[in-house]
Amino acid sequence: MSDFWSWYSRSKQQAKLEQIPLFELDWLIARTTHIDKLALRLEQGDLDRDRLAKLEQLWQKRITEKIPVQYLVGSVTWRNLELTVTPAVLIPRPETELIIDLIVELVNDPSAVGNWVDLGTGSGAIALGLAQVLPNCLIHAVDWSEDALSIAAINVANNHLVDRIKLDHGQWFEPLSELKLKINGMVSNPPYIPTAEIAHLQPEVAQHEPHLALDGGVDGLEAVQHLIDTAPAYLISGGYWIVELMAGQADIVRSRLKAQGSYDQIQTHFDRAGIERFVSARKI
């Protein structure tokens with residue numbers, strides 16, 4: 001047995017002991033070497049000592065430092081997009097992909113025109129997804145973190161959407177004052193984790209992902225409440241308000257949207273696990 005296959009066997013055992021999904025090991029190998037997933041299944045291919053040493057170094061960072069494999073590789077596949085990611089941005093989750101499908105269902109008009117905004121854009125994933133499904137709309141991607149916007153700019157350029165997505169630095173709607181009553185839809189995956197719960201998240205999240213994008217205040221809904229209160233000044237009549245939430249928040253957010261008085265068609269939408277993951281509404 002070659003050095004690589006001996007290493008692979010040991011690493012699978014490490015993954016099992018550390019409760020790390022085996023697909024992460026396979027994904028790390030496929031992203032950093034010429035050995036793809038099919039070759040792994042067929043037990044074909046090999047690595048020289050230098051490449052194996054580099055791979056082992058990355059894997060040990062995953063094991064001992066709990067660094068997410070996406071940060072180790074520096075990229076992630078999200079929908080049909082290849083995105084650069086660093087610890088400056090949250091790693092886009094598979095469940096967030098559904099927010100784009102939800103928008104397609106709600107708008108039901110691929111020829112729609114106007115302005116859509118992605119507030120707290122991070123890597124730019126949602127903005128890029130919006131640009132793909134709303135090809136005649138201008139997408140405004142906003143983030144308070146300049147480091148995050150730098151990553152979003154890379155992803156926008158790499159996916160050839162510079163002319164369709166405008167990046168804005170600032171907090172929520174603040175840099176969009178010229179768009180008051182001109183926005184057709186607002187989408188956000190805001191920080192929604194209660195402050196006290198962050199320390200108890202998986203170490204991969206708590207120790208490595210940006211707390212600015214996680215911390216939703218005492219009840220987790222500080223940012224969401226801000227978006228409920230401020231969006232009516234920017235949305236057109238009939239404009240969409242769509243946010244992602246954590247489990248257990250949807251009923252509260254529906255109630256707050258209703259109490260605010262500027263919204264109707266308030267709906268909850270489930271993710272693939274049956275969790276009430278998204279809430280949508282329209283401005284009256």
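A short reminder: the numbers here are calculations on the coordinates, not readings from a lab. These numbers were taken from a predicted model, which means no experiment stands behind them. Quick reminder, even Gly has a Cβ in these numbers, built from the backbone with ideal geometry, and neighbours come from all protein chains shown.
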Extension gain, Ala157 back to Leu106 (0.36 nm per residue minus Cα-Cα distance, nm): 15.6 nm
Whole-number D in µm²/s for region 115-266 (Stokes-Einstein; Kirkwood sum over Cα pairs; 20 °C, 1.002 mPa s): 134 µm²/s
Which one of Val243, Val107, Val187 has the biggest mean-square fluctuation once the chain is modelled by GNM with Cα springs under 10 Å? Val107
In Å, what is the Rg of the alpha-carbon atoms in the chain, and how long is Dmax? 20.7, 69
5 Å is the cut-off here: which amide hydrogens, built 1.01 Å from N in the peptide plane, fall below it relative to Trp78, excluding neighbours closer than 5 in sequence? Leu83
Go ahead and run the numbers for FRET between Gln14 and Gln207, Cβ-Cβ distance against an R0 of 22 Å, rounding to 0.05. 0.70
How many percent of DSSP beta bridges within the chain run antiparallel, rounded to 5? 40 percent
Helix-derived mean residue ellipticity, 222 nm - over the chain, DSSP H n ≥ 4, -39500 (n - 2.57), to 500: -11500 deg cm²/dmol
Which whole-Hz couplings ³J(HN,Hα) result when phi for each residue of region 250-256 is put into the Karplus expression 6.51 cos²θ - 1.76 cosθ + 1.60, θ = phi - 60°, listed in order with x for Gly and Pro? 4, 4, 5, 5, 4, 5, 5
One finds the C-alpha centres of region 206-284 and region 12-39 to be spaced, in Å, by 36 Å
Label-point separation in nm, Asp251 to Asp50, each point 7 Å along Cα→Cβ: 6.1 nm
Built amide H within the under 5 Å cut-off of Arg277, gap 5+: His269, Phe270, Asp271
Using a Gaussian network model of the chain with C-alpha springs under 10 Å, which one of Ala259, Ala223, Ala127 is most mobile by mean-square fluctuation? Ala259
